[in-house]
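Worksheet for the structure shown next.
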Amino acid sequence: MDIEAEIRALQLDSAEDNNATLIPEDAKPEEVEMTDKVEEEGMMDEVDTKSQPVQAEPKVKDKEVADMDCAEVPDEMESQKKRHLNVVFIGHVDAGKSTTGGQILFLSGQVDDRTIQKYEKEAKDKSRESWYMAYIMDTNEEERVKGKTVEVGRAQFETETTRFTILDAPGHKSYVPNMISGASQADIGVLVISARKGEFETGYERGGQTREHVQLAKTLGVSKLLVVVNKMDDHTVNWSKERYDEIESKMVPFLRSSGYNVKKDVQFLPISGLVGTNMKTRVDKNICPWWNGPCLFEALDSVEVPVRDPKGPYRMPIIDKFKDMGTVVMGKVESGSICEGDSLLVMPNKAPVKVLAVYCDEDKVRRAGPGENLRVRLSGVEEEDISSGFLLSSVVKPIPTVTEFTAQLQILELLENAIFTAGYKAVLHIHSVVEECEIVELLQQIDPKTKKPMKKKVLFVKNGAVVVCRIQVNSLICIEKFSDFPQLGRFTLRTEGKTIAVGKVTDLPSRSSA
């Protein structure tokens with residue numbers, strides 16, 4: 001008890017130093033009310049000096065804000081004001097995604113010179129001098145030896161206005177399922193393209209990962225894309241405007257055909273990830289006289305993404321779980337807000353759970369809203385009872401769970417000699433779910449020109465067709481209709497390591513257990 005009293009005294013002291021009111025968790029309601037009153041009076045004095053909208057609003061809001069930030073240190077209150085974006089780095093293998101990600105962390109002060117020198121030496125010992133920046137993102141030995149990203153790397157950095165989480169997706173075609181899990185958490189994509197002679201062509205041609213990644217990113221809800229043309233400092237390029245224009249002219253029609261509005265949602269810019277040119281500061285005119293646009297940090301800062309609903313039903317697809325003083329699940333909040341002490345459901349098991357603690361990045365927080373990457377400690381469920389693909393859902397409006405649904409599919413590229421018909425089997429990727437599925441019935445084909453259903457009965461379809469069909473999976477999965485919830489209603493179908501179709505959920509059976 002003495003220790004607890006001491007800790008509380010210390011907390012209160014530090015709270016006074018920081019002008020923050022810290023409410024002990026086991027304080028009595030009267031004490032909490034008193035604290036709130038004192039805080040409100042203090043806030044009222046401040047309104048005149050700082051006309052901040054939060055403080056000028058009614059007292060109810062003040063209480064909420066006080067509750068939300070009461071246990072957080074001022075630094076964190078600062079960071080809460082910044083918007084948060086998830087950025088996924090995609091593109092063909094060896095385009096320079098990890099190097100660019102590493103350079104961003106170095107330039108934004110997340111990695112010190114000493115660590116860089118250590119990585120430089122390590123890369124030199126492996127006779128791979130140019131890989132040292134990638135080591136910041138590629139942390140395990142297998143990735144460093146091969147020079148290929150396997151897992152989705154994760155790191156944070158901040159600019160003046162935004163907190164970013166970098167998701168470094170693997171480019172190799174063997175690891176596309178990992179790339180899908182990375183892209184499904186992202187708000188914006190950075191498509192890294194190598195300008196080096198031969199490398200762009202390899203990535204762009206049929207079978208290259210540049211194409212597949214763009215199509216997947218669009219399907220997985222990455223609505224904004226920054227196309228960075230990397231390796232502009234290479235001796236085969238030398239910041240050549242002709243090469244940059246050639247790459248842009250080839251990519252624009254393809255991006256358009258993948259569903260991107262090139263004028264509104266896509267921005268091109270040249271960089272050198274290894275040297276860091278045109279990343280934090282604009283490129284020197286002596287190096288590249290023809291570029292008048294922004295640098296990478298400016299472009300990232302200016303991206304606008306749609307606002308999510310913090311008051312919507314809570315939805316967080318679970319991408320990972322582990323044991324740490326309870327069961328901890330990881331994922332990105334797609335809708336709603338979460339607070340310590342909330343009661344939620346783990347779907348599709350319908351297991352009732354209580355939220356013990358919420359961690360955003362590495363910091364413990366009281367509350368978190370949509371778009372945040374969280375680790376949530378739960379009670380009421382065992383770690384082995386949770387699989388990736390499960391979802392943390394609100395109790396009042398739980399997510400539907402189904403084994404069959406109706407979807408509109410666009411066939412991209414079937415395997416040779418394959419016919420898409422009832423009985424076709426593939427692997428379904430939808431948010432964090434990876435599940436084998438079967439096409440049960442083709443309902444109607446849609447005319448790509450008129451977007452209306454065709455009259456004739458459809459038995460099979462070929463590449464490029466758009467078709468409405470019924471899809472069945474073996475076990476219950478959590479999904480929503482695309483019209484209600486785009487993030488949880490779009491999916492891809494893959495077979496034998498190849499993406500064959502993208503689609504959206506149009507209807508759920510009326511008896512879907514919600």
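Counting 0.36 nm for each residue step from D125 to K82 and taking away their Cα separation leaves a gain of 11.4 nm.
For the residue pairs K451/K504; K197/K498; K332/K354, the alpha carbons lie more than 22 Å apart in K197/K498. Peptides 472-484, 285-297, 429-441 ranked from most to least packed by the mean count of surrounding Cβ atoms within 10 Å: 429-441, 472-484, 285-297.
For segment 228-379, the solvent-accessible area with a 1.4 angstrom probe is 44 square angstrom per residue. Charges were assigned to the Cβ only: +1 to each Lys and Arg, -1 to each Asp and Glu. The resulting dipole of segment 284-342 about its Cα centre is roughly 200 debye.
A crude spin-label estimate for the pair N286 and D324, with each label 7 Å from Cα along the Cβ direction, gives 4.7 nm. Centroid-to-centroid, using Cα positions, segment 228-286 and segment 443-497 are 34 Å apart. Computed in the context of the full set of protein chains, the accessible area of segment 205-302 at 1.4 Å probe radius has 49% of its extent on carbon or sulfur.
Accessible surface area normalised per residue over segment 438-492 is 58 Å², counting heavy atoms of protein chains with a 1.4 Å rolling probe.
The values are calculated or read from the model by the stated rules, or taken from the named source; none is laboratory data. Treat the numbers as computed from the prediction; the structure is a model and nothing was measured. Cβ: placed from backbone, ideal geometry, glycine included. Neighbour counts: every protein chain shown. Side chains included, ligands, DNA and RNA excluded: accessible areas come from the protein's heavy atoms. Shrake-Rupley method; radii C 1.70, N 1.55, O 1.52, S 1.80 Å.
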